[in-house]
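What follows is a single structure, written as C-alpha cells, with notes after it.
The values are calculated or read from the model by the stated rules, or taken from the named source; none is laboratory data. Computed from a predicted model, the values in this text were never measured in an experiment. Because the Cβ atoms are built from the backbone with ideal geometry, glycine has one as well, and the counts that use them run over all protein chains shown. For the accessible areas, the whole protein counts, side chains as well, though only heavy atoms, and no ligand, DNA or RNA atoms are used. Shrake-Rupley method; radii C 1.70, N 1.55, O 1.52, S 1.80 Å.
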Amino acid sequence: MARPRKPLLSTDRIVDTARELVDAEGLAAVSTRRLAAELGVSGPSLYNHFRTKDEILEAVADSVSAQVDLSMFEDGRDWRTALHDWAVSYRAALRDHPNIVPVLARGPGRRPAALRLADAVYGAMVDAGWPPAQATSIGALMRYFIMGSALGSFAGGFPDDASAYDPADYPHLGQAHRLAEQQEKVDERAFETGLTALLDGLAQQYAEVARSA
C-alpha cells in the first residue's frame, strides 16, 4: 500500500500552526524547531517561507488583523457608527488571540492587513471631514483603547475569595469577589462604556470642526 502523502508545506500552514501555538501556549512556544515538529517537516524547510521566528510572528499578527471587519468604512455608515462597529470587531479578534497582542501593539510595520486597517480608518475619517492631523490622532486613540482592553481582563484580575478583601483595609470592595464569576459581562460593559465615552467626546470635537469649517 502506498504511503499517504504529507500535506505540502505552505506559508498558510506555517502561519496557522504558529497561531495555534501562540493561542495555546504563548509567544515563547514558537520556535522553528517546534514548528517543524508540529508540521512534520525538517527545520530548514521553514526557511523557504520565513527567514526568522520574528517574521513568523509578524505573519501571525497580520493574520489576526485580517480577521477585523472593515466593511463599515465602505457601506455608507456614518463615521461614528463605523468607528464603533470597527472597534467591536477589532476587540473580538484580539480577544480570540490575546497572546499575539504584544506583537500587534508594536504597530503595523510592513504587515499588509494591518496597513489596510490603518488606511481604512484614516481614510474614512478624512472623508467624513476630519482634518488629517485629527484623523491620525483618532486612529491612534482607538488603537490605544482597543489594545489596552485586550491585554487582560479587569474582572478576572480580582480573586473570587471574599476573605481577600478585609473591610478594614478595603471598605469599598465587599463585592469584588463576585467580579470573576461575571467576567465577560463586566469586561464587555466596561468596553462599551469606554467606547461610548470616547465617541461622545469625538462627536463634540467633530461639531467644533464643522462650525469652524
**OP:** Could you tally the net charge around His49, taking each other residue with its Cβ under 10 Å from the Cβ of His49, Lys/Arg +1 and Asp/Glu -1?
**Re:** 0
Subject >> Most mobile listed residue (Arg91, Arg77, Arg116) in the chain, GNM with C-alpha springs under 10 Å >> reply: Arg77
**OP:** Using θ = phi - 60° and the Karplus relation 6.51 cos²θ - 1.76 cosθ + 1.60, list the HN-Hα couplings for region 47-63 in order, rounded to whole Hz, with x at every Gly or Pro.
**Re:** 6, 6, 10, 9, 7, 9, 4, 4, 5, 5, 5, 4, 5, 4, 4, 5, 5
**OP:** Please build a GNM for the chain, connecting alpha carbons under 10 Å apart, and tell me which residue among His49, His172, His84 fluctuates the most.
**Re:** His172
Original post:
Given springs between every Cα pair under 10 Å in a Gaussian network model of the chain, which of Asp23, Asp75, Asp200 has the largest fluctuation?
Top reply: Asp75
Original post:
Cβ under 9 Å from Tyr90's Cβ, Tyr90 left aside: what net charge do those residues give with Lys, Arg +1 and Asp, Glu -1?
Top reply: +1
**OP:** Sticking with the crude label model, points 7 Å out along Cα→Cβ, report the distance from Thr193 to Ser45 in nm, one decimal please.
**Re:** 5.2 nm
Original post:
If Lys and Arg each add +1 and Asp and Glu each add -1, what is the summed charge of the other residues whose beta carbon sits under 9 Å from the beta carbon of Ala150?
Top reply: +2
Original post:
With axes computed from alpha carbons, what is the tilt in degrees of helix 112-127 against the longest principal axis of the chain, rounded to the nearest 10 within 0 to 90?
Top reply: 20 degrees
Original post:
Hey, what number do you get for the chain at 222 nm if only DSSP H runs of n ≥ 4 count, each worth -39500 (n - 2.57), divided across all residues, to the nearest 500?
Top reply: -19000 deg cm²/dmol
Subject >> Average Cα contact separation per residue, region 73-142, under 8 Å, 6 or more apart, as relative contact order % >> reply: 33 percent
Subject >> Residue-normalised accessible area of the chain, given per residue in Å² at a 1.4 Å probe >> reply: 59 Å²
**OP:** Round to a whole angstrom and tell me the spacing of the C-alpha centers of region 153-177 and region 55-118.
**Re:** 34 Å
**OP:** Quote to one decimal, in nm, the extra length available between Asp166 and Glu25 on full extension: 0.36 nm per residue of separation minus the C-alpha distance between them.
**Re:** 47.3 nm
